[in-house]
Amino acid sequence: MKPPRPERLVWDLDWNLLRTFVVIAEVKSITRAAERLNLKQPSVSNALRRLEDRVGRRLVERDATRFELTEVGKLLYEQGIEVFGTISQLPLLMRGVSDDVTGHATIAVASHVVSPLFDRALSQFHANYPRASITISVAASSEVTKQVRERRASFGICLVSQRDPALDYEMVYREFFGFFCGPTHRLCGKSGLTLDDLRGEPSVSFQTDHISDALRPVALLRSEARLDADVVGVSSSLEEVRRMIVAGLGIGPLPLHVARRDVRDGILWRLPPYDTPPAIDIFLLVNPDKAMNRAEKALLSGLRALIAETPLEERVYDG
């Protein structure tokens, strides 16, 4: 393939072809990309060939067992995300152009983000800008990071395992995780337990409960307690992990301040360790390259102001 002249590529590039390629690169399959785009597989294959012709380079190396982006393909994918991140902001930016703050903010959060400080930021924002609107989407922490990186979210609040150098991070609060069981579990109601009493017990947990992921301290504690290695249920949602614990599927981790009411109501029972629960920090994620409308700027500014004026000890929950 003969590479086109750079200035010709800019003017001749079909945005629909680029969008199709971004989906192909994300799902790593022509078939799955066709399903995602609601197109026929030959149409997606043809779009890839046409884009490669326009670019003048191969973008994907694939056979029956392998699907890999070439170096040029990786570059085009990264730039494609940037392009569509910018385009996706246009409607929100245009909605925010008026004498009053009437724009829209989209916040991506992990499911167990439970913080009075965050709630206060939302309350103050609505009181100050009643005509502005908010969408809060709940996702796994990795997906929250991706949405902020791609500028699909105004900002994110989640756990962090590895920092993306393209994003800014600010700690919002610290929470502590404990192990809990439901009312039908054999350990419910028993006091003075130790980690040895949990040995071999079936368990449920979050999808990020791995040594190499955001809930590493919980994963290490699970290993120390020698819970059964086969986790019987996982979810990225706090509500669903709680549901499985209450239903008796097994022992599971939950933030102490979130489980406090259920413990008081007899729905959950706290298990060891009692004195040294693992700490997890929750962060605010911001993409400094995202162009924000006035509603997004006002909400982010208000949240940051509350973080700055609230001492760290008041942002540590149930330590």
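The values are calculated or read from the model by the stated rules, or taken from the named source; none is laboratory data. Keep in mind that what you see is a predicted model, and the values were worked out from it rather than measured. Counting neighbours? That spans all protein chains shown, and the Cβs are built from the backbone with ideal geometry, glycine included.
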Item to check | Index of the failed condition, Ile107 passing every other in (1) in a helix (DSSP H, G or I); (2) modelled with pLDDT of 90 or more | outcome: (1)
Checklist entry - Somewhere in the stretch 201-209, is a residue assigned by TED's automatic domain parsing to the domain that holds Val234, touching a Ser or Thr at 6+ places or on another chain (Cβ under 7 Å) and not aromatic (Phe, Trp, Tyr)? => result yes
Checklist outcome for this item: Here the residues within the stretch 180-209 that are loosely packed, with under 12 Cβ neighbours inside 10 Å, charged (D, E, K, R) and assigned to a loop (DSSP other than H, G, I, E, B) are Arg186, Arg199
Next on the checklist: All but one of (1) in a helix (DSSP H, G or I); (2) in contact with a Leu (Cβ under 8 Å, 6 or more places away or on another chain); (3) small (Gly, Ala, Ser) hold for Gly156; state the number of the condition that does not hold.
Outcome noted: (1)
Checklist outcome for this item: If we keep only residues of the stretch 237-263 that are out of contact with any helix residue (DSSP H, G or I) (no Cβ under 8 Å at 6 or more places or on another chain) and small (Gly, Ala, Ser), then the residue nearest to Asp318 (Cα to Cα) is Ser237
Checklist outcome for this item: Scanning the stretch 198-209 for residues that are β-branched (Val, Ile, Thr) and modelled with pLDDT of 80 or more gives Val204
Checklist entry - Of the residues that make up the stretch 157-179, is at least one in the same structural domain as Phe118 (by TED's automatic domain parsing), buried (at least 18 other Cβ atoms within 10 Å of the Cβ), touching a helix residue (DSSP H, G or I) at 6+ places or on another chain (Cβ under 9 Å) and farther than 25 Å from Asp318 by Cα? => result yes
Item to check | Residue that is surrounded by the most Cβ atoms within 10 Å (Cβ to Cβ), among those in the stretch 46-64 that are in contact with a Ser or Thr (Cβ under 8 Å, 6 or more places away or on another chain) and assigned to a helix (DSSP H, G or I) | outcome: Ala47
Item to check | Leading residue by the ranking (modelled with the lowest pLDDT) among those in the stretch 210-231 that are under 15 Å from Pro277 (Cβ atoms) and buried (at least 21 other Cβ atoms within 10 Å of the Cβ) | outcome: Leu215
